[in-house]
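K.L.:
Here you go, one structure.
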Amino acid sequence: MEIGNKIFTGLRGDKVVWAIVIILAVVSILVVYSSTGRIAYEQRGGNTEFYLIKQTMLVGFGLFLTWVCYSWNYINYSKLAPIMVVIAIPLLVYTLAFGLEINDARRWIGMPGLPITFQTSEFAKLALIIFIARTISAKQEYIADFKSAFLPIIFPVLVICLLIAPADLSSALLLFATSILMMFMGRVNAKYIILLFFLGIVAFAGLIIAGEFIPEIRVETWITRFRDFMTSADGGYQVTQSKIAIAQGELTGLGPGNSIQRNYLPAPYSDFVYAIIIEEYGLLLGGLGILGLYVLLFFRCVRMVTKSAKTFGAMVALGISLNIVLQALANMAVSVNLVPVTGLTLPMISMGGTSILFSSIAFGIILSVSRFIEKA
Amino acid sequence: MINVKNEVLIRVYTVLLGVVFLAAVIFFAAFKINVTDGEQWRKKGDELYMKYRDVEAQRGNILAEDGSLLATSLPFFEIRMDLVTSTDEDFEANVDSLAYCIATYVDDRFTVGGWWNELNSKRADGQRYLLIRKNVDFELMQRIKKFPLFNLGRHRGGLIVEQHAERKRPYGLLAHRTIGYVRETAKPVGLEGYFDKQLAGTQGKQLMQRVKNIYIPVNDLSEIQPKNGSDLQTTIDINLQDVTQDALFKAVNHHNAAGGTAIVMEVKTGAIRAIANLGRTEDGKIWERYNHAIGSLIEPGSTFKLATMMSLLEDQVIELGDSIDLEGGKMMFYKEEMKDAFYHNMRSTSIRNAFEMSSNVGIAKLAQTFYGPKNRAKRFYSRLQDMNLDIPTGIEIQGELHPRIKNPENKNNNWSGVTIPWMSIGYEVLLTPLQILNFYNSVANDGQMMKPYVVASLQSNGSIVQEFKPKVVKKAIASPHTIKAAQSLLEGVVERGTAKALQSERFRFAGKTGTAQVDYAKENVQTTYNASFVGYFPAEAPKYSCIVVVIEPKDNGIYGGEVAGPVFKEIAEKCYSLKMELHPSLNEAPPIALENYELPTKEVGAREDFISIYNHLDLPYYNNPDTEWTYSQAMNDSISLLTRVITEKNEIPNVKGMGLRDALYILENKGLDVIVIGNGKVSAQSINPGTRAKGQTIKLKLS
């Protein structure tokens, strides 16, 4: 307790953001424990505690990383950004070529000598966002210029997004959108951004054509998911199950651990975790509460902009939080059947090692920024 | 710089607005599913994955009068195996030892190698429901759960255990058919059949939810709890039942009969105390196969003569002392000749004697005289109706048949000129043994007919739910005068008549023999008989009535008096020994003048035992010592109890003169092994008293 108090009083940075991180972490442990019952039987012989312990340890380690990243002056990230991008690009190429295939998608690489897999796109994503923030803030004087400002930013965006896209289109699109919006907020000329939008469409078309020749590009999956979404009136099996879960929660929920639909929903611990949250905690607390937390996170980062003296910090926080909130919205949109199944996780909640760890790091960077803004 | 900051802020707020808008859209979508369309989706969820399952109620027990279990339900288990669910790794690591365990402990249909092949090949076939064994008790089931592979759990190991309940009869053959059964493929039989509804209880319902391919209960408790069946407390007296069954079995065996039945009924209440039914299996073994007592209609033969006599007496057309001409034991009725069972050349005798010697001619002649004329036949019929002989007893065992007594006014039943004489001696009528017994029981009960019953109460968890009290069916089946006469006739049969040889020294009983020819109407068939005896005991204060019917005896006699009578006597005598209340109290008799030599003396035993015996027998004694073991010494007209020193600590005790029960109690408490030779009292012991006791084996000689 004493140590806990000490840490809390000792913590600086935005207390609201801290609260958001901790609430999300606790919800993550509860919901993942509840929704992994079935795979615990299928894969672990009924050892339901396995996933509880695994997730608790992950989240614990994640929070530790948050604290580490928060302790570090965020200016350092700016310095590291170019190197991270330079590392990220070959890593993505390596993943595409030699990565581990899980669930038909090649997104992971193994760590030599360790039983850990690692999703390289998460690393690349973070690297790119910090890099964009750095470049925008460094070039504020002539940010409207095409050659000296726009091109240096857009080049790495296109490279990284195109490298992520074949195996993980959703993440690539999300990152692309985040990048465009960052540029928009960073005062890049609007007409270039509109141009970029069309460029994105051209790149996407090129990707689909390339998919004809390169099997690693999962064009088929995209088409099937999209067709499923458009053709079946009630959204097919998964969506039916998800809707039943959301409806069963009513306003106040069935209570923690009482989900019924977790047994029918595919991946109730990641893709459809929002439906399970509503089922167990209700539309108000679970549905509105969790949604609100993400929006609040973004709002807190917007608030930093109004205070920030230096553009880099504000940009990093905005970019990262925007990416988190957009991903969260995308994940929830799947559960409520607004968009086809994307495979995007709910940041900081869904089960999945890399996702939790990089979300934690992302929060740590935001908190680091908030700490120095407070000081200023 | 201000400009720049404002521009940034405007753009940031735009994005924030966009984010809030998207969030609102998502919340609206969730709201629509949750609230607007909520009902529809919830209903869909319930329909898809919930269902009700029946939960079996536990079937009630059937108990004897003293609470012994006659039928009960025991759980047993069916062991099956899902061969697909386990991983290759788990399966290969354990299949050898699993095959060994199954072959060794569960089922030796296959050898270890055979089971190994079976498991492997069925796994290759994708078998998910392989039967290992059907009938496994709880203990073995627990053991099977620990077998290699199975101990990994349902999902990794693939063990499937299904529970069923099996009906067990702890007393085996005893009252087997009366207890009966309910099976899916056969007509329900016996008490199980008659009380099926009460025994079965009501099924419960439980909401089950599908999880992958199996259904699991949503709640631990059933939505509708099963209501367990009631227990059935019968009136069956286990000891009497045992005696009855045993006596009947010996007779069926000795006379090489096709079967038989014996029923013991309590006179005052109509409670069935024992009911035995024997038949033969295809390979000739004697077995409880069919409930003859209630499910076989037989021509009663001579036992029916009592009904004829009572009818005549009731119509006041005869007196027992009237004389009758027996025609030398032969008489023609129209073209049919009737003969008495034994050759005699008797002419004139009393009606009483004609009945006691069971003369067919005598009874038939009387019946023909008074009921032969056409308009009088219905008089006989209505007398039989008065005695309830034309209706079933209503006993609560599934399958009682309706008696068949010919009605002269019914054109459909072949009424002929010889019907009255033959009917009067028990042919051309059909009754079940229980119906005949019930009639005799009414005579024993001074004319009051009781409803025979075999179920005393329905109980639930030991408390009575429904009680079945003795029920009077008819206050009087005949006038007291007729009943008195009938009782004296039945006593006469045993004192002077066809059952004279059966007399017992210990008590008097009354009854009637019967020997009915079977298949007399068929030509060229070897004549067979049903031998029967029905009566009650003790004659002066009837407590039990009993009927014995031996079906088609072939060896060692055929007549009721020599085949069925001894069974009746054996049952009666053993019953008399079992039932203290049948014995006249000793202290009602004048006190016996005691002589020295008549008193028990030189007996060794427990003081308390002696005292309770002496008190019971009202023997004078002096109770000097305050020790556990005593020695009795008769002196003049009383007994002294003297101290008997049995032993010191850790020494072999002195058990000479003791009964075996006492001797075993003492010796085995000392930790000794005891070997016994002979019978009687201990006359010698192999180790001398006073030797150190250290768990030796001691031999006792009894004489």
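K.L.:
Quick check on chain A: what does the Kirkwood estimate of hydrodynamic radius come out to from the alpha carbon pairs, in Å?
P.N.:
So the Kirkwood estimate lands at 21.5 Å.
K.L.:
Suppose every K and R has +1 on its Cβ and every D and E has -1 on its Cβ; what is the size of the dipole of the range B:53-234 about the Cα centre, in Debye to the nearest 20?
P.N.:
400
K.L.:
Taking N as the number of residues in the range B:241-582, what is its Cα Rg relative to 2.2 N^0.38 Å?
P.N.:
Here the answer is 0.95, to two decimals.
K.L.:
Rounded to the nearest 20 debye, what is the charge dipole size of chain A about its Cα centre when +1 sits on each Lys and Arg Cβ and -1 on each Asp and Glu Cβ?
P.N.:
1240
K.L.:
Something else now. What average number of partner chain Cβ atoms lie no more than 10 Å from the Cβ of the residues making up B:37-44?
P.N.:
Average per residue, whole number: 5.
K.L.:
Among A:F312, A:F363, A:F155, which one moves the most in a GNM of chain A with springs linking Cα atoms closer than 10 Å?
P.N.:
Fluctuation is largest for A:F155.
K.L.:
Could you tell me which residue out of A:A247, A:T306, A:P266 lies farthest along the dipole of the range A:236-313 toward its positive end? Charges go on the beta carbon: Lys and Arg +1, Asp and Glu -1, centred on the Cα centre.
P.N.:
Farthest towards the positive pole: A:T306.
K.L.:
Still on this structure, please answer the following. In square angstrom and rounded to 100, what buried accessible area do you get between chains B and A, total over both, with the probe at 1.4 Å?
P.N.:
Approximately 3800 Å² gets buried when B meets A.
K.L.:
Between the range A:58-91 and the range B:14-35, how far is it from one alpha carbon centroid to the other, in angstrom?
P.N.:
Cα centroid of the range A:58-91 versus Cα centroid of the range B:14-35: 32 Å apart.
K.L.:
What does the charge count around B:F370 come to, taking other residues whose C-beta lies under 15 Å from its C-beta (Lys +1, Arg +1, Asp -1, Glu -1)?
P.N.:
Overall, the nearby charge balance is +3.
K.L.:
Please report, in cubic angstrom per residue, the volume enclosed by the convex hull of the alpha-carbon atoms of the range B:216-320.
P.N.:
Given the Cα convex hull of the range B:216-320, per-residue volume reads 244 Å³.
K.L.:
Cα centroids of the range A:315-361 and the range B:80-149: how far apart, whole angstrom?
P.N.:
48
K.L.:
Counting only the heavy atoms of the protein chains, how much of A:R218 is accessible to a 1.4 Å probe, in Å² to the nearest 10?
P.N.:
30
K.L.:
Per residue of A:238-246, what is the mean number of Cβ atoms on other protein chains within 10 angstrom of that residue's Cβ?
P.N.:
5
K.L.:
Let me check I've understood the local charge: for B:K694, count other residues with C-beta under 14 angstrom from its C-beta, Lys and Arg +1, Asp and Glu -1. What total comes out?
P.N.:
+1
K.L.:
Could you do me a favour and compute the accessible area per residue for the range B:604-702, 1.4 Å probe, result in Å²?
P.N.:
For the range B:604-702, the solvent-accessible area averages 58 Å² per residue.
K.L.:
Tell me, what is a quarter of the convex hull surface for the C-alpha atoms of the range B:23-83, in nm² with one decimal?
P.N.:
Mean shadow area of the hull around the Cα atoms is 10.1 nm².
K.L.:
Sticking with this structure for a sec: So if I place +1 on the C-beta of Lys and Arg and -1 on the C-beta of Asp and Glu, and nothing else carries charge, what would the dipole magnitude of the protein assembly as shown be about its Cα centre? I want it in debye, nearest 20.
P.N.:
3640
K.L.:
Pop out the ³J(HN,Hα) list for the range B:328-337 in order, Karplus 6.51 cos²θ - 1.76 cosθ + 1.60 with θ = phi - 60°, rounded to Hz; leave Gly and Pro as x.
P.N.:
Ordered by residue, 3J(HN,Hα) equals x, x, 9, 7, 9, 10, 6, 9, 9, 8 Hz.
K.L.:
For the range B:604-702, what are Rg and Dmax over the alpha carbons, in angstrom?
P.N.:
Answer for the range B:604-702, Rg first and Dmax second: 14.4, 44 Å.
K.L.:
Any idea what diffusion coefficient the range B:100-153 gets from Stokes-Einstein, in µm²/s, Kirkwood Rh on alpha carbon pairs, 37 °C, 0.692 mPa s?
P.N.:
277
K.L.:
Send over a whole-number figure in Å² for the accessible area per residue of the range B:241-582, probe 1.4 Å.
P.N.:
41
K.L.:
While we're here: Which Cα, out of B:Y529, B:P566, B:G497, lies furthest along the positive dipole direction of the range B:241-582 (beta carbon charges, K/R +1, D/E -1)?
P.N.:
B:G497
K.L.:
Over the Cα atoms of the range B:53-234, what radius of gyration and what Dmax do you get, in Å?
P.N.:
20.0, 59
K.L.:
Then there's this: Calculate how steeply helix B:377-386 sits against the longest principal axis of the alpha-carbon atoms of chain B, using the helix alpha-carbon long axis, and give the answer as 0 to 90 degrees to the nearest 10.
P.N.:
60
K.L.:
Could you compute the FRET efficiency for B:K285 and B:D555, with r as their C-beta to C-beta distance and R0 at 25 Å, rounded to 0.05?
P.N.:
Approximately 0.90, to the nearest 0.05.
K.L.:
Show me the ranking of peptides B:350-359, B:113-122 by mean Cβ neighbours inside 10 Å, starting with the highest.
P.N.:
B:350-359, B:113-122
K.L.:
Please give the average number of partner chain Cβ atoms lying within 10 Å of the Cβ of each residue in B:14-26, rounded to a whole number.
P.N.:
Partner-chain Cβ atoms within 10 Å, mean over residues of B:14-26: 6.
K.L.:
How long is the protein assembly as shown along each principal axis, judged by its Cα atoms, biggest number first, in Å?
P.N.:
153, 90, 54
K.L.:
Bin by bin, in steps of 10 Å, what percent of the Cα pairs in chain B do you find, going until the bin that has the longest distance?
P.N.:
Histogramming chain B at 10 Å steps yields 3, 11, 15, 14, 14, 14, 11, 8, 4, 2, 2, 1, 1, 0, 0, 0 percent.
K.L.:
Let me ask something additional. Along the charge dipole of the range B:422-579, pointing to its positive end and built from +1/-1 on Cβ of Lys, Arg, Asp and Glu, which listed residue (B:L434, B:Q459, B:V518) has its Cα farthest out?
P.N.:
After comparing all options, I get B:Q459.
K.L.:
Between the helical axis of B:660-669 and the dominant principal axis of chain B, each derived from Cα atoms, what acute angle in degrees is found, rounded to the nearest 10?
P.N.:
In chain B, helix B:660-669 runs at an angle near 30 degrees to the longest axis.
K.L.:
Principal axes first, then extents: for the Cα atoms of the range A:143-256, list largest minus smallest coordinate on each axis, whole Å, largest first.
P.N.:
Principal-axis extents of the Cα atoms in the range A:143-256, largest first: 56, 41, 24 Å.
K.L.:
Also, I was wondering about something else. Please sort through the DSSP H helices of chain A and keep those with an alpha-carbon extent of at least 15 Å along the long axis and a Kyte-Doolittle average not below 0.0.
P.N.:
Membrane-span-like by this criterion, though nothing is claimed about a membrane: A:15-35, A:49-71, A:75-98, A:120-138, A:151-164, A:169-185, A:190-211, A:289-307, A:311-335, A:353-375.
K.L.:
Just to be sure I understand: of the beta bridges DSSP finds with both ends in the protein assembly as shown, what percent are antiparallel, rounded to 5?
P.N.:
So the antiparallel bridges amount to about 90 percent of the total.
K.L.:
Any chance you could give the angle, 0 to 90 degrees and rounded to 10, that helix B:112-125 forms with the longest Cα principal axis of chain B?
P.N.:
50
K.L.:
Quote the convex hull volume per residue of the range B:440-495, based on C-alpha atoms, as a whole number of Å³.
P.N.:
Convex hull of Cα atoms, per residue: 85 Å³.
The values are calculated or read from the model by the stated rules, or taken from the named source; none is laboratory data. Owing to the predicted nature of the structure, the values given are computational and were not obtained by experimental measurement. As a convention, Cβ positions derive from the backbone with ideal geometry for all residues, glycine included, and neighbour counts pool all protein chains shown. The protein model used for the area step is the full one, side chains on, heavy atoms only, and it has no ligands, DNA or RNA in it. Shrake-Rupley method; radii C 1.70, N 1.55, O 1.52, S 1.80 Å.
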